[in-house]
Amino acid sequence: MAYETLQLELDGHVAVVTLNRPPVNALNRQMRNEVIRAFDEISARDDIRCAVLTAAGKTFCAGADLKDRPDPNVPGDFLDHNRITRETGNAIRECSKPVIAAVNGAALGAGLGLMSACDIYYASENATFGMPEINVGLAGGASMLKTMFGRSTSRRMFYTGVRLTAAEMLERSIIEAVTSPDELLPTAMAVAQDIASKSPLAVRYAKQAMTIVEYMPQRDAYRMEQNYTMALAQTEDAKEARMAFLEKREPKFTGR
């Protein structure tokens, strides 16, 4: 499938999605639609087991393209824009494979939203993070901030547009590690390859479980996980994993 505002490349069983809309990877409707298509493709492909989201250039994503705002004089245009905006993050969040963010520069507004939709976060030392909508007379992104930050920090960022550095994100245990720009992608890829080496079925169930249990009472969530474990225990991959462990060898998973 061809893309114009991003690249989708495969390294083994890991898909690398690279945002590529110079100069700052600002999200317009075309780019949002392509992000949705790319992660839907990743969800559907059996040869992909994990994904990494990063960006070309010095900016991860500067947010929404203010030159591509909906026209309030066109009936339905704002609703169409808002729907696409919601689904951009949902396509990543609901992707059937784990998604690792490798943030190589500023992740602002909708760019921070893209990162928040991922499962695991890494950043280079020159990365910054913010939700500066208040500075252009808008107010959006509170729900994204809430998934990453505590009460005080999320409100300060939302009300002031202040940016946090990668070091400050690490201090708050928001991201896994801060690397040099050159080491960012290799670091994220090492984790992605580790995930991709696991049973594909188990990883799918694990991603689904982590996505759903956030919104469930603990009792119900654990019951659901137990059902997943029962289903997985009957698969060929589970039997192969047990035999490989007992025989002290690397497992060979088939996804069945």
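The values are calculated or read from the model by the stated rules, or taken from the named source; none is laboratory data. Note that this is a predicted model, so its numbers are computed, not measured. Neighbour counts run over all protein chains shown; Cβ positions are idealised from the backbone, glycine included.
Here Arg32 fulfils each of the conditions (1) surrounded by 23 or more Cβ atoms within 10 Å (Cβ to Cβ); (2) part of a strand (DSSP E or B) apart from (2). Would you check which residues across the range 85-126 are farther than 21 Å from Ala188 by Cα and either crowded, with 19+ Cβ neighbours inside 10 Å or out of contact with any helix residue (DSSP H, G or I) (no Cβ under 6 Å at 6 or more places or on another chain) (or both) and list them? Passing the criteria: Thr85, Arg86, Thr88, Asn90, Gly109, Ala110. Suppose the filter is part of a loop (DSSP other than H, G, I, E, B) and closer than 15 Å to Asn25 by Cα; does Gly113 pass it? In short, no.
Looking only at residues in the range 1-29 that are among the small types (Gly, Ala, Ser), at pLDDT 95 or above and outside any strand (DSSP E or B), the one that is farthest from the chain's Cα centre (by Cα) is Gly12. Against the condition within 17 Å of the chain's Cα centre (by Cα) and small (Gly, Ala, Ser), how does Ala177 come out, does it pass? Judged against the criteria, Ala177 is a match. From the list Glu125, Glu87, the lone residue that is more than 26 Å from Tyr215 (Cβ to Cβ), of a type in the set (D, E, K, R) and at pLDDT 95 or above is Glu125. Scan the range 153-183 for residues that are touching a helix residue (DSSP H, G or I) at 6+ places or on another chain (Cβ under 9 Å), of a type in the set (S, T, N, Q) and outside any strand (DSSP E or B) and the total you get is 3. Taken as a whole, the condition of being in contact with a strand residue (DSSP E or B) (Cβ under 6 Å, 6 or more places away or on another chain) and either of a type in the set (D, E, K, R) or in contact (Cβ under 8 Å) with a residue 60 or more places away in the chain (or both) applies to Arg163. Counting just the residues of the range 35-63 that are assigned to a loop (DSSP other than H, G, I, E, B) and among the small types (Gly, Ala, Ser), which one comes out surrounded by the most Cβ atoms within 10 Å (Cβ to Cβ)? Out of the qualifying residues, it is Gly63. Taking residues in the range 106-133 that are touching a residue at least 24 places away in the same chain (Cβ under 8 Å), and partners anywhere that are among the basic types (Lys, Arg) and surrounded by fewer than 24 Cβ atoms within 10 Å (Cβ to Cβ), the pairs with Cβ atoms closer than 6 Å and at least 6 places apart or on different chains are Ala117/Arg93; Thr128/Arg163; Gly130/Arg163.
Of all residues in the range 64-84, those being touching a Pro at 6+ places or on another chain (Cβ under 6 Å) and either loosely packed, with under 13 Cβ neighbours inside 10 Å or at pLDDT 90 or above (or both) number 0. The single residue among Ala190, Ala196 that is closer than 30 Å to Ala123 by Cα, surrounded by fewer than 18 Cβ atoms within 10 Å (Cβ to Cβ), under 17 Å from the mean Cα position of the chain (by Cα) and modelled with pLDDT of 95 or more turns out to be Ala190.
Do we have Thr147 as in the same structural domain as Arg49 (by TED's automatic domain parsing), at pLDDT below 95, among the hydroxyl-bearing types (Ser, Thr, Tyr) and in a helix (DSSP H, G or I) here? Yes, satisfied.
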